[in-house]
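One structure below.
The values are calculated or read from the model by the stated rules, or taken from the named source; none is laboratory data. All of these numbers come straight from a predicted model, not from anything done at the bench. For neighbour counting, all protein chains shown are included, and Cβ atoms are generated from backbone atoms with ideal geometry for every residue, glycine included.
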Amino acid sequence: MTRPQPYWWAPAKFPDPASPSPTDATPSPAALPAECDVLVIGAGHTGLSAARTLASRGRSAVVLDKEVPGYGASSRNGGMIGGGHRLSVEQLESRFGAQVGHRMLKEAHVEALAFARSVIEDEGIDCDFKQTGRFRGLWLDSEYETSARELERLQAIFDLDAWMVPQARQREEVATDLYAGGTVYAAHGALNPAKYVLGLLAAARRAGAQVFGQTPATGVERSGSGFVVDTPAGKIRAGQVLVATNGYTDGALPWLRRRIVPIPSFIVATEELGENRLRDLFPTGRMVAESRERHCYFRPSPDYKRLIFGGRAAMFPAPDGLAQSELRRLMTEVFPQLGDVTFEHSWSGRTGFSFNFMPNVGERDGIWHAMGYSGSGNAMAPYLGHKVALQMLGDSEGDTAFTQTPFDGRFWHPGKPWFLPFADVFFRLRDRQANARKRK
Ligand SMILES: Cc1cc2nc3c(=O)[nH]c(=O)nc-3n(C[C@H](O)[C@H](O)[C@H](O)COP(=O)(O)OP(=O)(O)OC[C@H]3O[C@@H](n4cnc5c(N)ncnc54)[C@H](O)[C@@H]3O)c2cc1C
C-alpha cells in the first residue's frame, strides 16, 4: 500500500502530526510566554534559521507553527540543495542593473549554498548531506546553445564549477535519452530534508529560541511600539514580527497571501529497487532536474535503494490517485524500464511562488517577511532567514539583493488561489506545444 507520508519522515523520526511529541503538541496557555523580542510565524527553514540567528545574538525569539515544526515544504521536498536563477543574466541586468543583478546571481548560486553548508557543518546536522552535483537536462535541442552561452556569462561574473554535457555523453550522468544534453553544477548536493529541518529546529532551540507547534498565529495587530499576536492559546506581545510561511501563508496574513501563489509539487518514492539498478540509472549519483516549464526532478534515495521522483503532476491540490498516475506517466517517459515498479510513498507539499519567480525580503507596516522561493529553498530559505534576522537587528551584514526584487500582488489573486485549475490547463497546453517542438 502506498503511504501518504513523505519518504523522509521515517528515517528522520519526524513526529507524527496526528500525535505530536510533548514539545510539539499544543502548548497550554501558561506555557506560552506573555512577551518576547521577536515573534516568528512559521517553523520551516526560513523561520528556524532566523530564530537561530536572533537567539544567538541575545534576542528572546519565539517561533509558532500551526502544525508540528517543519511540517511545511521544508520536510517534504526533493532534498536537492543548490542554487539557480529563473530569469536570464540579461533579463536580470536589464531589470536591476548589472551590479544588483550580478549580486542576485552570486547570492543565488554561491552564497546561499555556502551559508547552508556552513550551518550544517557548524551545527553538526546529520542530514545525509552529500555534494553530488546536479544535472539539469535540457528539454529542447535549441536550449543547448543558449544554456552554454548563459553558463559562459555566469562564469565571467563569478567562479562556478559547472559544465555542459552533450547528448552523446548524457548517459554518463543519467540513463535516459530524453534530454538534449544538459548542464552539470558540481557544488550542488543531496540531503534528507526532514533531518535537515529537525537539525535546524534543534539548533534554534539550542541557541535559546522557544518553538511551539500546533499554535497558529491567527492575527497580528500593532500595539504601541510593538505588536500583539493572537493564538488560540493566548496573546503574545512582541517587539518585532517576522512572517516565514512561504507556500503555507494563510488568511491571518492577507497582504502576504496575495503576493504568494501556493503551487503544489508532488513526489513519489518507489519500492526498493536495489543498489545496482539505481547505480545504472544514476551512474554519478547526481541530482537531476529538467529545464521544461513544469519540470520533473528525481534522484536516488540517500541509501541508493529507491528512486524519488517529483514533479508538477497538477497545479492544484489534485487527489493522490491522479497525482500518482501522472507521476508514473512522467517517470516512464524518463525511464521506460520502470513501468511496473510500485510506489511506497506518495505525498505533496506547497511551493510558494512570487509573481516574478524570485524570493523577497522586506518589511511592511513593521512586519518583516522572507519568502517566494518559487520551488527552490533548501539553500535560499535558511540563508534569507538569516539575512532578514540580521536586518531586524539593524546589522548591515543583513544586506541582500533580494530586498530589491518586486513583490507585487495581482488584482485577480485576492486570497485563495481559485485560478490554479485554470493555470493547470494553460500550462498543459504549453507543455503540448513544447513537446511538439521537441519532436520536430
Ligand atoms: C514537493 C516539494 C519539493 C521541493 N523540492 C525542493 C528541492 O529539491 N530543493 C529545494 O531547494 N527546494 C525544494 N522545494 C522548495 C523548498 O522546500 C521551500 O522553498 C522551503 O522549504 C521553504 O521553507 P520555508 O521555511 O520558507 O517554508 P515552509 O517549510 O513551507 O514552512 C512554512 C510553515 O509556516 C507554517 N504556517 C503557515 N501559516 C501559519 C500561521 N498562521 N501560524 C503559524 N504557522 C503557520 C506552516 O505550517 C509551515 O510549517 C520543494 C518544495 C516542495 C513543496
- Query: Looking only at residues in the stretch 204-222 that are touching a strand residue (DSSP E or B) at 6+ places or on another chain (Cβ under 7 Å) and among the small types (Gly, Ala, Ser), which one is surrounded by the fewest Cβ atoms within 10 Å (Cβ to Cβ)?
  - Reply: Gly219
- Message: For a quick check of your reading of the model, give me the residue pairs whose first member lies in the stretch 20-39 and is charged (D, E, K, R), whose second is loosely packed, with under 14 Cβ neighbours inside 10 Å, with beta-carbon atoms closer than 9 Å and at least 6 apart or on different chains.
- Response: Asp37/Gly58
- Over the stretch 307-319, the set of residues modelled with pLDDT under 95, buried (at least 17 other Cβ atoms within 10 Å of the Cβ) and more than 18 Å from the chain's Cα centre (by Cα) is Ala318
- Which pairs do you get when a residue that is closer than 13 Å to Thr351 by Cα, found in the stretch 313-326, comes within reach of a residue that is buried (at least 17 other Cβ atoms within 10 Å of the Cβ) and basic (Lys, Arg), reach meaning Cβ atoms under 8 angstrom, with the pair 6+ apart or on two chains? Met315/Arg294
- helices (runs of 4 or more DSSP H) fully within the stretch 36-154 counting 1 or more residues that are farther than 19 Å from Lys387 by Cα: 89-106
- Query: Given the structure, is Lys438 over 30 Å from Pro319 (Cβ atoms) and either of a type in the set (A, V, I, L, M) or in contact (Cβ under 8 Å) with a residue 24 or more places away in the chain (or both)?
  - Reply: no
- Number of positions in the stretch 144-166 that are surrounded by fewer than 16 Cβ atoms within 10 Å (Cβ to Cβ) and among the polar types (S, T, N, Q): 2
- Task: Please go through the stretch 273-301 and pick out each residue that is closer than 18 Å to Asp128 by Cα and buried (at least 20 other Cβ atoms within 10 Å of the Cβ).
- Result: Leu278, Phe282, Arg286, Met287, Val288, Phe298, Arg299, Pro300, Ser301
- Message: Pairs please, first residue from the stretch 375-386 and in contact (Cβ under 8 Å) with a residue 60 or more places away in the chain, second anywhere and part of a helix (DSSP H, G or I) and among the acidic types (Asp, Glu), Cβ atoms under 7 Å, 6+ apart in sequence or on different chains.
- Response: Tyr383/Glu111
- Item | Long-range neighbours under 8 Å by Cβ, at least six apart or interchain, first residue in a helix (DSSP H, G or I) within the stretch 389-411, second of a type in the set (Phe, Trp, Tyr) | Gln391/Trp368; Met392/Trp368; Ala401/Phe96
- Item | Selected residue [farther than 20 Å from Met380 by Cβ, of a type outside the set (Lys, Arg) and near the ligand (Cβ under 9 Å from one of its atoms)] from Val38, Val62, Val68 | Val68
- Of all residues in the stretch 348-385 being under 23 Å from Ala187 (Cβ atoms) and away from the ligand (no atom under 12 Å from the Cβ), which is surrounded by the fewest Cβ atoms within 10 Å (Cβ to Cβ)? Phe357
- Task: Name, by its number, the condition in (1) in contact with a Ser or Thr (Cβ under 7 Å, 6 or more places away or on another chain); (2) surrounded by 24 or more Cβ atoms within 10 Å (Cβ to Cβ) that does not hold for Leu201.
- Result: (1)
